[in-house]
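Asks: My questions all concern the structure below.
Nothing in this text is a laboratory measurement; each read-out follows from the coordinates by a stated rule. All figures in this text were calculated on a predicted structure; none of them were measured in a lab. For neighbour counting, all protein chains shown are included, and Cβ atoms are generated from backbone atoms with ideal geometry for every residue, glycine included.
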Amino acid sequence: MPDLLIELFSEEIPARMQKRAAEDLQKLLTNRLVEAGVTYASAAAFATPRRLTLAIDGMLAASPAVTEERKGPKADAPEKAIEGFLRGAGVTRDQLEERETPKGAILFAMIHKPGRPAAEIVAEVLDQTIRDFPWPKSMRWGSGSLKWVRPLQSILCVISDEGGAEVVPMEVDGIKSGDVTYGHRFLSPDAITVSGFDDYETKLARAHVVLRADARAETIWNDATNMAFANGLEVVEDAGLLAEVAGLVEWPVVLMGRIADDFLGLPPEVLQTSMREHQKFFSVRNPKSGQIERFITVANRTTADDGATILAGNEKVLSARLSDAKFFWENDLRVAKSDEGMNAWVKALENVTFHNKLGTQAELIERMAVLARELAPMVGADADEAEQAARVAKADLSSEMVYEFPELQGLMGRYYAQAAGMSDGVAAAAQEHYAPLGPSDDVPTAPVSVAVALAEKIDKLTGFWAIDEKPTGSKDPFALRRAALGVIRILIENDVSLRTSEAVRSANASADANDLIAFLHDRLKVYLRDQGIRHDIIDACIAMEGNDDLTLLVKRARALSETLNTDDGENLIQGFKRANNILTQAEEADGVEYSYGADVKFSETDEEKALFKALDEAEAVITPAMNAQDFITAMSAMAALRRPIDAFFEAVQVNSDNATVRRNRLNLLSRIRTICTSVADLTRIDG
């Protein structure tokens, strides 16, 4: 079975688009081949800065012949209807077959479609794929109408098998297909003729082109880490930058340069951000001091001077960039250390809008300060310190450094708060109050940081709830789902017991607290479902009083989940549901509520007496355990009821002919319901 090799060779493709483009090429072309009847064994796509490549192995040499049966009109249909069917099916009248059916005589056509050579189909689908390729941005060049991310220069399209290789003839906007590619732009720019994928990859490697992006990334990382290690240093890991740089070069050459002494005093995060954003440099730090001392750059070629000229140019450009960063840093430090300090930046935020319906950033800060002070005792923080932290947490938004590098907000606030002589707790809160920004981020744990982080997120949620700007469907422009998950994780992971409904009302009385708590519950379900806790278990716990204390709610849900994962817990649910169903039906039929009066003296069997005793013992454990919020103990005691309940139902008929005995047994079932639902609403448990 033949193999197919395609290469679309162009000017430089932006690194951020390469991976997706390779995936799109494979998906579009293989799907269209299969739709046309050409299946294959395997396919792989590759990208370099100048080429998209697709290799398909084990492709059919031709699409199979197909016979299709098409149902037509009735045999006695008007002639025009029959003629229309003939035209559509591409057959003549004598090729039709008349068959008797329950609806009468019907005409059928057997349409025979011969197979087509794979080369013919490949040419069609490749032409279509090139013309409608989904680039995020594309361009036209010259006088042609073709759009591509950058000018397309050549198309390589070769089918090969044991008998040799042949070019698939095609032409797109004046670009004819061939069996030729080109090596590295500078090191090996000559044309290369290839006969298949293995030949192609081997010859590209000789021509200074590493086809596979993962191989380029591996070379970069290995060479960089080895170079740093040889100098007693280490490279700061940055997977995103590594992937991007691997997309900028076809022949990676790693070079390590020096940072001028003038800039070594800058915070390491400033150095790292400036070098990554502006120069695509990796940071190299001293593991002992944590200070960034050198940088790694990746050239796209070897040079006679082993990169010395390249490094000299990079160091010169870097010094200019870092001069700006140093200027911002020194200016900001002067402000932070001045008499007015960070308050000058807070005052400047009076002119910065947070949201047109929620006021300025300065007004947001004021709300955060009030709320952080109120939350402080609940999270073990000093109220004065929490309020001060909230007032300066966002001050760095006015700083020159954050204006230049917005991604450093919070972090720079920590440095500036320290420079202003504020406590470590206040400084930490400036950085940590934004956290967590994602599901894998750590949550703040220092009490002051917890208070300010909660204040910021609760203010955001209540504010947008008050102006009815809630998330809808997939739209969440103000990241309220992220804020809700942040509140949940901060409370739970710090074991903070907080009545969120009270906090919501304190933050913004105009917000619908019940609706916002329901939103938090929905986010909590997602959070717990990812931890393996079933939705019905969460619902059973949400149905209980005090469900706005999310930490206790989670403890209850986890305890119930653990209990129901045991044999006793699982079987107890069946016994509980049986008791509840019998009781509910009896109450509906009798028009009364059986909720009191069960007396052991009316018991007729040992199993009945044993259940009375078991319920007394369980209640004696469950009631104090629930008061102490010891859900594990309470639910273990509840699960222990499984056996006496099972034994009761095996030995006893609840609906006795004796009215007194029946009423007593129904009141006994009511005790089962009351005791079990004091732990969680088991009626909501599936099964």
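Asks: Number of Lys pairs in region 213-337 with C-alpha atoms less than 26 angstrom apart, excluding same-chain neighbours closer than eight positions?
Replies: 6
Asks: Let me have the relative contact order for region 566-684, percent, based on Cα pairs under 8 Å that are six or more residues apart.
Replies: It comes to 43 percent, rounded to a whole number.
Asks: Could you run the Karplus curve 6.51 cos²θ - 1.76 cosθ + 1.60 with θ = phi - 60° over region 159-176 and give me ³J(HN,Hα) per residue in whole Hz, x for Gly and Pro?
Replies: 9, 9, 8, 4, x, x, 10, 9, 6, 7, x, 6, 8, 10, 6, x, 9, 8
Asks: Kindly work out what percent of the DSSP beta bridges joining two residues of the chain are antiparallel, to the nearest 5.
Replies: Of those bridges, close to 95 percent are antiparallel.
Asks: A further question on this structure: Using modelled backbone amide H atoms (1.01 Å from N, in-plane), which distant-in-sequence or interchain residues come within less than 5 Å of Gly72's amide H?
Replies: Excluding prolines and chain starts, which carry no amide H, the hits are Leu107, Phe108, Ala109.
Asks: Hey, can you grab everything whose amide H is under 5 Å from the amide H of Gln153? Only 5+ residues off in sequence or another chain; H modelled, so Pro and N-termini drop out.
Replies: Close amide H contacts, sequence-distant or interchain: Phe9, Ser10, Glu11.
Asks: Per the Debye formula with a single identical scatterer at each Cα and no solvent contribution, what log10 I(q)/I(0) holds for the chain at q = 0.06, 0.08, 0.09, 0.11 Å⁻¹?
Replies: Debye intensities relative to I(0), on a log10 scale: -0.65, -0.95, -1.02, -1.11.
Asks: Output wanted: per-residue J couplings in Hz (rounded whole) for region 258-266, from phi through Karplus 6.51 cos²θ - 1.76 cosθ + 1.60, θ = phi - 60°, x for Gly and Pro.
Replies: 9, 9, 4, 4, 4, 10, 5, x, 5
Asks: Enumerate the lysines that Lys601 could reach by cross-link, defined here as Cα to Cα under 25 Å, with residues fewer than 8 away along the same chain left out.
Replies: Cα-Cα hits under 25 Å: Lys609, Lys613.
Asks: Also, quick follow-up: Out of residues 5 or more away from Lys113 or on other chains, whose amide H comes under 5 Å of its own, with H placed 1.01 Å from N in the peptide plane?
Replies: Val66, Thr67, Glu68
Asks: Calculate, in nm to one decimal, what Ser506 and Asn226 gain on full extension: separation in residues at 0.36 nm each, minus their alpha carbon distance.
Replies: Stretched fully, the Ser506-Asn226 segment lengthens by 95.2 nm.
Asks: If you don't mind, another one. So the label point goes 7 Å from the Cα of Lys103 along Cα→C-beta, right? Which residues of region 76-96 then have their backbone N under 14 Å from it?
Replies: Flagged as within label range: 76-77.
Asks: Quick one: compute the contact order of region 492-622, relative version, from alpha carbon pairs under 8 angstrom and 6+ residues apart, as a percent.
Replies: Details: 59 pairs, mean separation 27.3, N = 131.
Here the relative contact order equals 21 percent.
Asks: Under a cut-off of 27 Å between alpha-carbon atoms, report the lysines in cross-link reach of Lys103, not counting same-chain residues fewer than 8 places apart.
Replies: In chain and number order, the partners are Lys71, Lys74, Lys80.
Asks: Would you give the gap between the C-alpha center of region 643-667 and the C-alpha center of region 484-554, rounded to a whole Å?
Replies: Spelled out, the Cα-based centre of one part sits 40 Å from the other.
Asks: Given the pairs Lys460/Lys525; Lys27/Lys176; Lys19/Lys525, which are separated by over 32 angstrom at their Cα positions?
Replies: In this structure, Lys19/Lys525 lie more than 32 Å apart at Cα.
Asks: Still on this structure, please answer the following. Which is farthest toward the positive dipole end of the chain among Gly163, Leu371, Ser138, measuring Cα position about the Cα centre, with Cβ charges +1 (Lys, Arg) and -1 (Asp, Glu)?
Replies: Ser138
Asks: Near Lys347, which aspartates and glutamates are there with a Cα under 13 Å away, not counting those fewer than 8 places off in the same chain?
Replies: By straight Cα distance, Lys347 reaches Glu363, Glu366, Asp396.
Asks: Explain nothing, just compute: Karplus ³J(HN,Hα) = 6.51 cos²θ - 1.76 cosθ + 1.60, θ = phi - 60°, for every residue of region 138-151 in order, whole Hz, x for Gly and Pro.
Replies: My calculation for region 138-151 gives 9, 9, 10, 9, x, 9, x, 9, 5, 10, 8, 4, 9, x Hz in order.
Asks: What distance in nm lies between label points placed 7 Å from Cα along the C-beta direction at Thr605 and Ser42?
Replies: Here the modelled spin labels are 6.6 nm apart.
Asks: Given axes a ≥ b ≥ c from the Cα gyration tensor, I'd like to know whether region 354-399 is rounded (a/c under 1.5), prolate (a/b larger than b/c) or oblate.
Replies: It comes out oblate by the Cα gyration axes.
Asks: A further question on this structure: What's the extension gain from Met544 to Gln153 if we count 0.36 nm per residue and subtract their Cα-Cα distance?
Replies: 134.0 nm
Asks: Going by Cα centres, region 396-450 and region 320-345 are how many Å apart?
Replies: Cα centres, region 396-450 to region 320-345: 16 Å.
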